[in-house]
Amino acid sequence: MKVNIVVTEQEYSYLHRKLFPPGDSNEHFGFGLAGINRCHGGCDLLLRKFISADSSCLLGKSGASVRPDPRFVDYVWTLAKKSSSHLIDFHTHPFSDINVSFSEIDDRSESESFPKAVECLGEGPHASIVLGKNSLDARWYNSQTNTLEPIDSVKILDDKLIIIIPTSSLQRRQILIERD
Ligand SMILES: [Zn+2]
């Protein structure tokens, strides 16, 4: 299944500013609430609202990790449930520039959090994005197979459409090209 994330340029600029505050090299975190548009063989997750986690919503942050307070997670999941939204979690790797990718710590924490999200909010799909300074990676949780799958593209709606291909999806496309 192809899953894309669609964001307006205004919302994307806003979340980028929140996630990369000037002069702050710590990781940052936030949640997106998304609607869904199902189409042939896949779907678009349409970001409706970005909720950034300020210091009061975090248990800790450094240049190498960020830990949201479970009370913040509960608050956002309740909002998601009430609004029948799909969840997109965002965090940053501020020291990555191009080709940012999820860390093993991200793999471990998301393999725990996604099944809980599905239990609480339904099968989604729910997604996550990690942002580097000039790149992003994104994936969604397939609850049928219990696997994390690459998001096909992130589309930013401006006067013209900007399409960002996440690192994992780029790598998968590269493998498919090399196989041909
Ligand atoms: Zn990470």
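The values are calculated or read from the model by the stated rules, or taken from the named source; none is laboratory data. The structure presented is a predicted model; accordingly, all values stated were derived computationally and were not measured. Ideal geometry is used to build each Cβ from the backbone, glycine not excepted, and the neighbour counts take in all protein chains shown.
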Open item on the list: Regarding segment 46-56, can at least one residue be identified that is among the aliphatic types (A, V, I, L, M), within 15 Å of the chain's Cα centre (by Cα) and farther than 17 Å from L131 by Cα?
Closed with: yes
Open item on the list: If a residue must be outside any loop (DSSP other than H, G, I, E, B), near the ligand (Cβ under 10 Å from one of its atoms) and either modelled with pLDDT of 95 or more or within 20 Å of R172 (Cβ to Cβ) (or both), how many such residues does segment 90-106 contain?
Closed with: 4
TODO: Tell me which of these S85 doesn't satisfy, since it passes every other one: (1) within 13 Å of the chain's Cα centre (by Cα); (2) of a type outside the set (V, I, T); (3) surrounded by 20 or more Cβ atoms within 10 Å (Cβ to Cβ).
DONE: (1)
- [ ] Kindly indicate whether G41 is touching a residue at least 40 places away in the same chain (Cβ under 8 Å) and within 14 Å of the chain's Cα centre (by Cα).
- [x] no
Open item on the list: Pull out all pairs, ordered by first then second residue, where Cβ-Cβ is under 7 Å, the residues are six or more apart or on different chains, the first lies in segment 63-92 and is under 24 Å from V154 (Cβ atoms), and the second is away from the ligand (no atom under 16 Å from the Cβ) and of a type in the set (K, R).
Closed with: S85/R48
Open item on the list: Checking the structure you have, find out if any residue of segment 51-63 is hydroxyl-bearing (S, T, Y), modelled with pLDDT under 95 and more than 16 Å from the ligand (Cβ to nearest atom).
Closed with: yes
